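Structure, as structure tokens:
Just so you know, all these numbers are worked out from the coordinates, no wet-lab data involved. Only a predicted model underlies this, so the values are computations on that prediction, with no experimental measurement involved. Glycine gets a Cβ as well: all are built from the backbone with ideal geometry, and neighbour counts include every protein chain shown.
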């Protein structure tokens, strides 16, 4: 696997976005772009990138606004003046960079947690930018919003409450204690977004409840939704099933929902991560290789 670090200037406001490309030593199978979650960064996906590059995929990832090496002068989790819409545009811009570097190669977008909501927004507004989409640690935002309005605590502390008595404040992330400890020890992990940022993100993600938004999607766009059944965001699997049904009803022909019993929020850092990764690669192989020019 070859690693190339680079940055690009956001077309939205000129913010410098830190990014990385991991490329394979084998023939190209396709492009996989990663949109990471809240309170983490792109480097946490290097192990996953190693498996994907072995399978022939070139992997792109960037640090979102307010995250990793893109934090800049603002507080962690602060998206800056451009806010949530600018973050989505940054994801689109990286897709365009990847496509320009590998003309004709199919591109799949993998969004995790917050990154999955950015990925869904990108699908609604720019469905032509991707050839497949993977949503990890996601949920049905209208249902989550209803839970929050009913008094449910959707903060990290609230999400961890399901695992009381907990060993740490982040047991909700994974059953693998070593992975949880690495997350806690990482100074670029563990923060939450300012309230105004969270509200803007949730307001935009509520579009997932509008049937008209799905009319913008391509019916031939494959979507793979994966979740741990014990992820507190997924409601025991019910909320991701609802999300999958929305895409089905919206006319998307190839929608797969896969739940892993016992697994929590970060599937790619779970005790069964090899199983999750192998399933992902098999899904990508079936959908992307046939699109290679």
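For the chain, divide the Cα radius of gyration by the Kirkwood radius and give the resulting Rg/Rh value with two decimals.
0.93
Using bins 5 angstrom wide from zero, how does P(r) for segment 223-276 break down, in % of all Cα pairs?
Binned Cα distances yield the sequence 5, 22, 29, 20, 14, 8, 2.
Hey, rough spin-label estimate for residue 166 and residue 275, points 7 angstrom out along Cα→Cβ, what's it come to in nanometres?
My value for the distance between the label points is 2.4 nm.
Using the 10 angstrom Cβ neighbour count as an exposure proxy, how do 67, 248, 265 rank, fewest first? If you can, show how the numbers build up before the last one.
Working: 67 28, 248 15, 265 24.
Fewest to most other Cβ atoms nearby, the residues stand as 248, 265, 67.
So what are segment 187-293's ellipsoid semi-axes, whole angstrom, largest first, if each one is the square root of 5 times an eigenvalue of the alpha-carbon gyration tensor?
Working: eigenvalues 114, 99, 42 Å².
Result for segment 187-293: semi-axes of 24, 22, 14 Å.
Can you list the equivalent-ellipsoid semi-axes of segment 247-293, largest first and in whole Å, using the square root of 5 times each Cα gyration tensor eigenvalue?
Working: eigenvalues 112, 57, 9 Å².
They are 24, 17, 7 Å, listed from largest to smallest.
So, in nm, how far is label residue 254 from label residue 178 when the simple model puts each one 7 Å beyond its Cα toward the Cβ?
Distance between the two pseudo-spin positions: 3.6 nm.
Which value results for Rg/Rh of segment 1-155 when Rg is the Cα radius of gyration and Rh the Kirkwood radius based on the inverse mean 1/r?
Working: Rg = 15.5 Å, Rh = 15.9 Å.
Result for segment 1-155 is an Rg/Rh of 0.98.
Binned at 5 Å from 0, what are the whole-percent values of the Cα-Cα distance distribution for segment 71-143, short to long?
4, 15, 24, 23, 18, 12, 5, 1
Which FRET efficiency value, to the nearest 0.05, is calculated for residue 54 and residue 100 with the Förster distance at 35 angstrom and r the Cβ-Cβ distance? Kindly include the intermediate steps, with their values, before the conclusion.
On the way: r = 25 Å, r/R0 = 0.70.
E(calc), rounded to 0.05, equals 0.90.
Given a cut-off of under 8 Å on Cα pairs at least six residues apart, what relative contact order in percent is computed for segment 2-291? Please report the intermediate quantities before stating the final value.
Working: 575 pairs, mean separation 53.1, N = 290.
Across segment 2-291, relative contact order equals 18 percent.
Quick check on the exposure proxy: order 16, 70 from fewest to most C-beta atoms within 10 angstrom. Don't jump to the answer; show the numbers that get you there.
Values: 16 12, 70 24.
Least crowded to most crowded, the residues run 16, 70.
Provide the percentage of antiparallel DSSP beta bridges, counting only those with both residues in the chain; round to the nearest 5. Walk me through the numbers before you get to the answer.
Values: 12 of 37 bridges.
Expressed as a percentage, antiparallel bridges in the chain total about 30.
Please list log₁₀ I(q)/I(0) at q = 0.16, 0.17, 0.20 Å⁻¹ for segment 1-77, using the Debye equation with identical point scatterers on the alpha-carbon positions.
Summing over Cα pairs of segment 1-77 leads to -0.58, -0.64, -0.82.
State the extension gain, in nm to one decimal, for the chain segment bounded by residue 27 and residue 11, taking 0.36 nm per residue of separation less the distance between their alpha-carbons.
Numbers: separation 16, 0.36 × 16 = 5.76 nm, distance 3.19 nm.
Result for the pair: 2.6 nm of gain on full extension.
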